[in-house]
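Take a look at the structure set out below.
Please treat every number below as a calculation from the coordinates, not as lab data. Source: prediction; values computed, not measured. Virtual Cβ from ideal backbone geometry, glycine too; neighbours counted across all protein chains shown.
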Amino acid sequence: MKERIEKILKELDELKCQSAKEVEEARVRFLGKKGEVTALFEEFRTVAPEMKREFGQKLNVLKKEAQAKIDELKSMAETAAGPASKGDDVTMPGDPHELGSRHPVSIARQEIINIFRKFGYDVAEGPEIEDDYHVFEALNFPANHPARDMQDTFFVSTGHVNPLLLRTHTSSVQVRTMETQSLPIRVICPGRVFRNEAISARAHCIFHQVEGLYIDENVSFADLKQAILLFAREMFGPETSIRMRPSYFPFTEPSAEVDVSCNICHGKGCNICKGTGWLEILGCGMVDPNVLEASGIDSKKYSGFAFGMGVERIAMLKWQVNDLRHYFENDLRFLREFSNCVEV
Ligand code: PHE
């Protein structure tokens, strides 16, 4: 019996199989009901009692070895054959991975940033939950001033001197930049803003802005006009002209609203520009000396300009989208229209 055990161990050691079928045949030959190893267990019953211990151990080792070898050969045969052995057709087309594309608001936002980067502006960001000081107070909106009603605010906490709120414009980031950065300053502040407004084709309670700030010695209104004109031509095409209309913001003096010539009818008048030939794109002005002083900047030595625009509005004008809500509904048919958009 001893010799037979050793013979089987040797055979197992040298055993090789080419396919799963051969492995199964080997399993039956050694471990099957009538297999060689199984037969030895049958014979074991007749072994003399004083020999049982020694042969019992040997047989158990043999059975384990045989099982391990068969398992090993089985997994080797499966790997070698690949998935086809399980009946898969490897020539079938695979499941396509759908590639997403960037949201039009992200594309427009990045385009605005790229243009101002070329002009030498840095990008600054700040918190969406802000305090009253950075959104209003430091920007020359005194407490209870009616100008605060221009931007209906979502308050997060009320009842103390400097309540927390969702920022209504990214001018708050301009204040933080003036507080912390050395002069001259040339930044743009892209970000999400919040206003308590009814949702319509032209307004939403959440939207995106890019605001800009330039402070140095001898910055004039002519510099502001030139910067905006260059931006408008980069964004809407080299033929674009701009016009400025007097306006009011508490933090700029003088203030202006800027229109670009309608890029659809080229000034002739159409339903997008409501027959005027002009489209409003942003607000701007010379930074009010009070705002500079509130952030510790000497308004006798330094002057600056600021501007702010809504990204959705720019995107609507650029791609002639007539309802702002399209940008928030995530309708794939709408979003796919922009999948091939390349930024300037
Ligand atoms: N902060 C203004 C707004 O949200 C835009 C603006 C920025 C106007 C800078 C003038 C100067 O409406």
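Note on Lys274: lysines with a C-alpha under 19 Å away, same-chain residues under 8 apart excluded, are Lys318. Principal-axis analysis of the Cα atoms of the chain puts helix 171-180 at an angle of about 90° to the longest axis. Listed by chain and number, the lysines whose C-alpha is less than 27 Å from the C-alpha of Lys7, apart from same-chain residues fewer than 8 away, are Lys16, Lys21, Lys33, Lys34, Lys52, Lys58, Lys63, Lys64, Lys69, Lys74.
Which Cα, out of Val28, Leu9, Leu73, lies furthest along the positive dipole direction of the stretch 2-86 (beta carbon charges, K/R +1, D/E -1)? With unit charges placed on the Cβ atoms, the residue in question is Val28.
Give the angle, between 0 and 90 degrees and rounded to the nearest 10, that separates the Cα long axis of helix 20-31 from the longest principal axis of the Cα atoms of the chain. The answer is roughly 40 degrees. A Förster radius of 51 Å combined with the Cβ-Cβ distance from Glu128 to Met92 puts the calculated FRET efficiency at roughly 0.60. Separation of the stretch 219-290 from the stretch 314-344 is 22 Å, based on Cα centroids. Considering only alpha-carbon pairs that sit under 8 angstrom and 6 or more positions apart, the relative contact order computed for the chain is 15 percent.
Cross-link reach is defined here as a Cα-Cα straight distance under 19 Å, omitting same-chain residues fewer than 8 places apart; for Lys225 the lysines meeting it are Lys118.
Taking the charge dipole of the chain about its Cα centre, with +1 at Lys and Arg Cβ atoms and -1 at Asp and Glu Cβ atoms, the residue from Ile242, Ala198, Ser220 reaching farthest to the positive side is Ala198.
For the chain, the alpha-carbon coordinates run over 114, 50, 38 Å along the three principal axes, in decreasing order. Taken over the stretch 96-221, the convex hull of the Cα atoms encloses 172 Å³ per residue.
A straight chain from Ser101 to Ala48 at 0.36 nm per residue would run longer than the Cα-Cα distance by 11.1 nm. Both numbers refer to the Cα atoms of the stretch 2-86; Rg and Dmax are 14.9, 53 Å. In terms of packing, defined here as the mean over residues of other Cβ atoms within 10 angstrom, the peptides 202-213, 232-243 line up highest first as 202-213, 232-243. Think of the chain as a dipole: +1 on every Lys or Arg Cβ, -1 on every Asp or Glu Cβ, centred on the Cα centre; then among Ala124, Ala294, Val161, Ala124 lies furthest on the positive end.
When peptides 312-322, 269-279 are ranked by their average number of other Cβ atoms within 10 Å per residue, the highest-first order is 312-322, 269-279. Stretching Ile206 away from Thr180 to a fully extended chain increases their span by 6.6 nm, per 0.36 nm per residue minus the current alpha-carbon distance.
Where nothing but the Cβ of Lys and Arg (+1) and of Asp and Glu (-1) is charged, how large is the charge dipole of the chain around its Cα centre, in debye to the nearest 20?
Around 1080 debye, computed over the chain.
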